[in-house]
Ligand code: BG6
């Protein structure tokens with residue numbers, strides 16, 4: 001018997017801001033990403049006040065999918081993708097975010113994309129917001145600090161749900177809603193919620209207020225979506241970097257248990273429809289005054305998600321008596337008391353490579369929530385070299401993907417996890433989120449563009465393209 005269901009959603013994952021380009025085309029407004037410069041490993045991206053002439057903003061052009069979508073979708077069809085996870089740039093639909101009428105040209109653009117995907121039998125899987133808040137809402141309203149932004153988000157969600165209701169079934173609300181729990185890097189609060197912190201503010205208290213508003217926005221979107229089309233399948237989307245205890249010392253175990261609340265806070269609310277006890281207790285102890293409106297309890301209860309989409313790239317480890325600084329941390333995704341895991345290696349960008357951690361994650365999430373799971377991001381960011389014959393032999397990437405797919409199949413076949421699909425991140429090379437680089441490549445299709453924005457943008461299939469094509473063809477039987 002085949003290990004995976006015949007409808008398993010093999011696909012690819014992308015985000016509008018990282019690959020579409022056309023940042024000022026089709027009536028699009030500026031988003032929070034359009035004022036982010038390029039950084040590199042160890043050098044954070046800068047968020048500038050406006051667009052400055054002497055700075056480079058890699059998201060402005062992305063890989064120019066905006067003008068090349070037919071060519072790219074044909075390649076996705078050739079790869080046999082069954083679905084494509086991408087996002088709708090909020091600023092194409094509501095350029096400033098607070099308009100009452102949507103921008104028809106933006107809506108038409110996504111009609112074109114969806115129709116083109118359907119032509120190749122590729123199911124669109126859409127994220128409502130993948131770090132794409134209109135800049136105007138961030139600057140003038142303070143992003144999700146402001147409850148009005150919840151209304152603007154819901155208007156945007158309703159508009160696209162109505163427009164695409166007969167063509168799109170799978171939706172998710174906010175990409176990696178929980179990665180902003182890491183307030184040590186300002187880009188997370190900025191890209192997720194359009195929020196910057198004042199020096200005298202307690203980042204945690206701000207974060208939880210912002211989180212509450214965003215959780216309300218997510219729940220309202222789910223309820224609206226189900227009203228518009230009861231057949232919609234709407235999930236949340238979290239980043240999951242499991243936190244292991246360093247040893248069997250009970251203090252390490254407890255340290256990891258508490259630290260993992262950073263991972264579970266958002267899905268606990270989005271799946272169960274109410275706040276977990278540990279969060280309420282923490283608000284009380286810290287004296288946090290989180291503004292709650294009448295009716296919020298009902299909104300959360302009525303807007304729970306139907307599946308959990310998540311990204312998985314790496315794991316991390318905590319040790320109870322260790323204090324390092326996040327900046328000094330060799331391992332990304334780490335916490336102030338993270339230590340290196342002696343059993344696993346890391347990528348050039350310091351991301352721990354841990355396929356067993358994916359099987360573990362699938363088990364933990366499924367056992368905690370008993371909802372279908374969808375791996376909507378997983379992949380290996382690295383540099384690629386052309387061989388003399390013009391091909392790219394990206395064996396390291398194939399090995400990474402193979403081991404993670406194997407682990408996922410084990411979770412289904414041996415552990416009984418309900419897994420909907422698997423969409424490797426950056427199926428075609430795109431701009432990196434954390435560093436803004438092009439050379440951190442995840443794609444199975446190479447794009448000729450460098451960190452400074454030079455290149456012909458030519459697309460070339462890597463060896464992983466052919467390998468993944470066969471994985472899909474055999475429904476994961478041949479890896
Ligand atoms: C996730 C994001 O954090 O990881 C993506 O949802 C991002 O937008 C991906 O691109 C990989 O991160 P990076 O920084 O390597 O591009």
Q.
Checking residue 294 against (1) more than 23 Å from residue 251 (Cα to Cα); (2) touching a residue at least 12 places away in the same chain (Cβ under 8 Å); (3) assigned to a loop (DSSP other than H, G, I, E, B): exactly one of these is not met. Which one?
A. (2)
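I need the full set of residues from the stretch 305-318 which are more than 16 Å from the ligand (Cβ to nearest atom) and either modelled with pLDDT of 95 or more or touching a helix residue (DSSP H, G or I) at 6+ places or on another chain (Cβ under 6 Å) (or both), in order please.
305, 306, 307, 318
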(Q) Yes or no: the stretch 39-52 includes at least one residue that is within 21 Å of the chain's Cα centre (by Cα) and closer than 30 Å to residue 9 by Cβ. (A) no
Q | Odd one out for residue 199, checked against (1) touching a residue at least 60 places away in the same chain (Cβ under 8 Å); (2) more than 15 Å from the ligand (Cβ to nearest atom); (3) out of contact with any strand residue (DSSP E or B) (no Cβ under 6 Å at 6 or more places or on another chain) | A | (1)
**Q.** Lone qualifier among 114, 88 - being touching a strand residue (DSSP E or B) at 6+ places or on another chain (Cβ under 9 Å), under 30 Å from residue 466 (Cβ atoms) and in contact (Cβ under 8 Å) with a residue 24 or more places away in the chain
**A.** 114
Q) Restricting the search to the stretch 1-40, which residues are within 16 Å of the ligand (Cβ to nearest atom) and farther than 24 Å from residue 172 by Cβ? A) 37, 38, 39, 40
Q) Would it be correct to say that residue 111 is exposed (fewer than 15 other Cβ atoms within 10 Å of the Cβ), under 28 Å from residue 235 (Cβ atoms) and at pLDDT 95 or above? A) yes
Q) Just one of 249, 260, 302 is surrounded by fewer than 20 Cβ atoms within 10 Å (Cβ to Cβ), in contact with a strand residue (DSSP E or B) (Cβ under 6 Å, 6 or more places away or on another chain), modelled with pLDDT of 95 or more and more than 14 Å from residue 212 (Cα to Cα); which is it? A) 260
Q.
Which condition from (1) part of a helix (DSSP H, G or I); (2) closer than 16 Å to residue 374 by Cα is the one that residue 466 breaks?
A. (2)
Q. Here are some residues: 29, 97. Which one is surrounded by fewer than 24 Cβ atoms within 10 Å (Cβ to Cβ) and touching a strand residue (DSSP E or B) at 6+ places or on another chain (Cβ under 8 Å)?
A. 29
**Q.** Test result for residue 357, closer than 20 Å to residue 262 by Cβ, within 16 Å of the ligand (Cβ to nearest atom) and assigned to a helix (DSSP H, G or I)
**A.** yes
Q: Grab the helices (runs of 4 or more DSSP H) fully contained in the stretch 1-107, keeping just those with 3 or more residues being closer than 24 Å to residue 435 by Cβ.
A: 16-19, 65-78
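The values are calculated or read from the model by the stated rules, or taken from the named source; none is laboratory data. Here the structure is a predicted model, which is why all the values come from computation and not from measurement. No Cβ is skipped: glycine too gets one built from the backbone with ideal geometry, and neighbour counts run over all protein chains shown.
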